[in-house]
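Novice: Input: one structure, supplied below.
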Amino acid sequence: MSLPALPSAKQLLLRPLLALTALFGLCYGLGVDFALSAFWYQLQGHSWTLQHHWLTEDILHRGVRNLNQLLVGAFLLHFLFRFCQQHYRRARGLTAAHWESHRQQAHGRLLLSLTLSLAGIAILKHSLPMDCPWDLQAFGGTQPFTGLFSSWPASRAPNACFPAGHASIGFAWLGLYFFCLQLYPTLAKPALLLSLTLGFGLGLVQQLRGAHFISHDIASAAWCWSMACLCAYWPAWRQRLRPVSLPTSYPQVIQND
């Protein structure tokens, strides 16, 4: 039985990006950012009570960040172990440990997607000066608001608050959608929903602490989804983004190199 090809990369990439761009414009350009942050600020008694709370700071911020580092590290070590094991046995003339090329490829693409997502967000955060809500006069801080597309005052040290780094912990795993679609198709949609839930959930934690506006989370989601699509569709890009045709023996979405 022939399996339907995944929609073209243009369709799967551009439609979500257009939706996220519209959401970003709504939140940033029409004042939803400030309205939502003002709501959280007033809800906490005109202060950021949750900024240093043990649950939001120690567990949901530092704890989740450390857990994610462990997960990414463990995944990387597993990939390297299987890769080295396979090549070592081949070099010694032994029976090679059978790690199918489509599984090796799926693991490698997910690792690349995670790396590009997390590293890219970190670079953007330190390249685009932006205040957090807790820095601003409107929310108990000392600084006037300077827009993302405005010139940063030379007299002020830049703050690294855009895009949202903590939310990117969840969004970076959007690559799981393509990973599961290639290896475990029935888990693809749950993996996508899990990544989105984690991303926006962790983003909400930081909003409650006064660390980010919601538009910062949307920008992180757009970047991470772009990186996931880039890694999943790279072979197809060499064929002008045509839908991918695959053997029916594996439920893949990308061609084996």
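Novice: Given H placed 1.01 Å from N in the peptide plane, which residues other than close sequence neighbours of Asp131 have an amide H under 5 Å from its amide H?
Specialist: Thr146
Novice: If I take R0 = 45 Å and measure r between the Cβ atoms of Glu57 and Arg90 in this structure, what FRET efficiency does the formula 1/(1 + (r/R0)^6) give, to the nearest 0.05? Numbers along the way, then the final one.
Specialist: Details: r = 49 Å, r/R0 = 1.09.
It comes out at approximately 0.40.
Novice: Something else now. Under 11 Å from the Cβ of Cys161, count the other residues' Cβ atoms, weight Lys and Arg +1, Asp and Glu -1, and hand me the total.
Specialist: Surrounding charge for Cys161 is -1.
Novice: With r as the distance between the Cβ atoms of Leu128 and Arg156 and R0 = 22 Å, compute the FRET efficiency 1/(1 + (r/R0)^6) and round to 0.05.
Specialist: Details: r = 14 Å, r/R0 = 0.64.
Plugging the Cβ-Cβ distance into 1/(1 + (r/R0)^6) gives 0.95.
Novice: Can you bin the range 142-221 into rounded, prolate or oblate? Criterion: square roots of the alpha carbon gyration tensor eigenvalues sorted a ≥ b ≥ c, rounded for a/c under 1.5, prolate for a/b above b/c, oblate for the rest.
Specialist: Working: a/c = 4.25, a/b = 2.71, b/c = 1.57.
It is prolate, given that a/c is not under 1.5 and a/b is the larger ratio.
Novice: For a quick check: with amide H placed at 1.01 Å from N, whose amide H comes under 5 Å from Gln143's, ignoring anything fewer than 5 positions away on the same chain?
Specialist: It is Leu136, Gln137, by chain and number.
Novice: Below 15 angstrom from the Cβ of Leu208, what's the summed charge of the other residues (Lys, Arg +1; Asp, Glu -1)?
Specialist: Working: positive: Arg209; negative: Asp33, Glu57, Asp58, Asp217.
Result for the neighbourhood of Leu208: -3.
None of the figures in this text is laboratory data; all of them are computed from the coordinates on show. Everything numeric here is computed off the predicted structure, so don't read it as measured data. All Cβ positions, even for glycine, are placed from backbone atoms using ideal geometry, and neighbour counts span all protein chains on display.
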